[in-house]
Amino acid sequence: HGVSCELDHEVTREELKALEVDEVIVATGAEPAVPDVPGIDRPNVVSALDVMRGQVDVGEKVVILSGKGVAISTALYLLDKGGHEVALVSAPKKVGLDVNPSYIWRYRQKLKKGGAVMATLCNVVEINDEGVVVQNKATKEQMTLPADTVVLAEMKKVDDLVGAKKGHYTIGDALLVRRGNSAILDGYRMGMRL
């Protein structure tokens, strides 16, 4: 259909402002959020996206920072591969609160069967040589989850280009971090609208 695709090029706000086009759709997606805790810059701290792409070596003991859908997917992926002990750190009382209620129970069952530790109601205090130190929000007790690899899986929207050009549209995770089907639906609706 004559679509021009330009790859391996990061668009800047200035470049977007200068574009002479009728419509701009910002669909820049999401990326792992980096919490402000001591030890976050250690070499064994990696992105869930890099884990899923196979771009990093993952150790035996893995602590995943988040209890949402991306964290669950990463945990199930590692458990399915084998050779990994997995723990998820979640601030809410249950993991998977952003996952469809009609099938989250299956994922929780698979995590339990795989021996995954679910440190719920916990906040990360620090990452050190032993692993990830977490604190229970209710009891204030601290414990260390042993970790060879720490995975960042709490996602945040990439919205650097939002507002750079008047009259643009924002869709997908750049608008609100959700599941993949929501981004596809956003793209379909935008295509129909234009």
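Could you check region 25-52 and list, in sequence order, the residues that are within 13 Å of V70 (Cα to Cα) and either among the aliphatic types (A, V, I, L, M) or without any contact (Cβ under 8 Å) to a residue 24 or more places away in the chain (or both)?
Restricting attention to region 25-52, the residues satisfying the condition of being within 13 Å of V70 (Cα to Cα) are 30-33, 47-52.
Of everything in region 25-52, those that are within 13 Å of V70 (Cα to Cα) and either among the aliphatic types (A, V, I, L, M) or without any contact (Cβ under 8 Å) to a residue 24 or more places away in the chain (or both) turn out to be A30, A33, A48, L49, D50, V51, M52.
Is at least one residue of region 57-72 open to solvent by 70 Å² or more (accessible area, probe 1.4 Å), in a loop (DSSP other than H, G, I, E, B), within 15 Å of V150 (Cα to Cα) and not aromatic (F, W, Y)?
Taking region 57-72 as the starting set, the residues that turn out to be open to solvent by 70 Å² or more (accessible area, probe 1.4 Å) are 57, 60, 68.
Of the ones still in play, those that are also in a loop (DSSP other than H, G, I, E, B) are 57, 60, 68.
Filter again for within 15 Å of V150 (Cα to Cα), leaving 57, 60.
Keeping just the survivors that are not aromatic (F, W, Y) gives 57, 60.
Checked region 57-72: at least one residue is open to solvent by 70 Å² or more (accessible area, probe 1.4 Å), in a loop (DSSP other than H, G, I, E, B), within 15 Å of V150 (Cα to Cα) and not aromatic (F, W, Y).
Checking R53 against (1) open to solvent by 80 Å² or more (accessible area, probe 1.4 Å); (2) closer than 30 Å to G167 by Cα: exactly one of these is not met. Which one?
Evaluating R53 over (1) open to solvent by 80 Å² or more (accessible area, probe 1.4 Å); (2) closer than 30 Å to G167 by Cα leaves (2) as the failure.
Mind listing whichever residues of region 170-194 are open to solvent by 50 Å² or more (accessible area, probe 1.4 Å) and not in a helix (DSSP H, G or I)?
L175, L176, V177, R178, R179, L194
V89 versus (1) out of contact with any Cys (no Cβ under 7 Å at 6 or more places or on another chain); (2) open to solvent by less than 70 Å² (accessible area, probe 1.4 Å): which is the lone unmet condition?
Condition not satisfied by V89: (1).
Restricting to region 125-178, name every residue that is in contact with a helix residue (DSSP H, G or I) (Cβ under 8 Å, 6 or more places away or on another chain), among the acidic types (D, E) and under 21 Å from K61 (Cα atoms).
Residue satisfying the conditions is E154 alone.
Within the group T144, T139, which residue is touching a strand residue (DSSP E or B) at 6+ places or on another chain (Cβ under 7 Å), open to solvent by 40 Å² or more (accessible area, probe 1.4 Å) and without any contact (Cβ under 8 Å) to a residue 60 or more places away in the chain?
Within the list T144, T139, the selection yields T144.
Yes or no, residue by residue, for (1) touching a strand residue (DSSP E or B) at 6+ places or on another chain (Cβ under 7 Å); (2) of a type in the set (S, T, Y):
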{"site": "E15", "(1), (2)": "no, no"}
{"site": "T28", "(1), (2)": "no, yes"}
{"site": "A33", "(1), (2)": "yes, no"}
{"site": "D41", "(1), (2)": "no, no"}
{"site": "L49", "(1), (2)": "yes, no"}
{"site": "M52", "(1), (2)": "no, no"}
{"site": "Q55", "(1), (2)": "no, no"}
{"site": "K61", "(1), (2)": "yes, no"}
{"site": "G67", "(1), (2)": "yes, no"}
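Please tell me if V34 is outside any loop (DSSP other than H, G, I, E, B) and modelled with pLDDT of 90 or more.
Judged against the criteria, V34 is not a match.
Taking only pairs six or more apart or across chains, which ones have beta-carbon atoms under 8 Å, a first residue in region 1-15 that is closer than 15 Å to I25 by Cα, and a second residue that is in a loop (DSSP other than H, G, I, E, B) and open to solvent by 100 Å² or more (accessible area, probe 1.4 Å)?
Taking only residues 6 or more apart or on different chains, the pairs are R13/D160.
Pick from region 137-151 the residues that are farther than 11 Å from V89 by Cβ and either of a type outside the set (D, E, K, R) or assigned to a strand (DSSP E or B) (or both): which of them is nearest to the chain's Cα centre (by Cα)? Don't jump to the end; show me each part of the working.
To start, the set of residues in region 137-151 that are farther than 11 Å from V89 by Cβ comprises 137-142, 144, 146, 148-149.
Now narrow it down to the ones that are either of a type outside the set (D, E, K, R) or assigned to a strand (DSSP E or B) (or both): 138-139, 142, 144, 146, 149.
On the way: A138: 25, T139: 27, Q142: 25, T144: 22, P146: 21, T149: 16 Å.
That would be T149.
Out of everything in region 101-124 that is in contact with a helix residue (DSSP H, G or I) (Cβ under 9 Å, 6 or more places away or on another chain) and more than 14 Å from V62 (Cα to Cα), what residue ends up being surrounded by the fewest Cβ atoms within 10 Å (Cβ to Cβ)?
Going through the qualifying residues, I end up with K113.
Being open to solvent by 50 Å² or more (accessible area, probe 1.4 Å), modelled with pLDDT under 95 and over 14 Å from K61 (Cβ atoms) narrows it down to one residue among D98, D80; which is it? Break it down stepwise before answering.
Working: D80 fails: modelled with pLDDT under 95.
Being open to solvent by 50 Å² or more (accessible area, probe 1.4 Å), modelled with pLDDT under 95 and over 14 Å from K61 (Cβ atoms) holds for just one of D98, D80, which is D98.
The values are calculated or read from the model by the stated rules, or taken from the named source; none is laboratory data. Since the structure is predicted, the reported quantities are computational estimates derived from the model, not experimental observations. Note: ideal-geometry Cβ built from the backbone for every residue, glycine included; neighbour counts use all protein chains shown. These area figures cover heavy atoms from the full protein model, side chains too; ligands, DNA and RNA do not enter into them. Shrake-Rupley method; radii C 1.70, N 1.55, O 1.52, S 1.80 Å.
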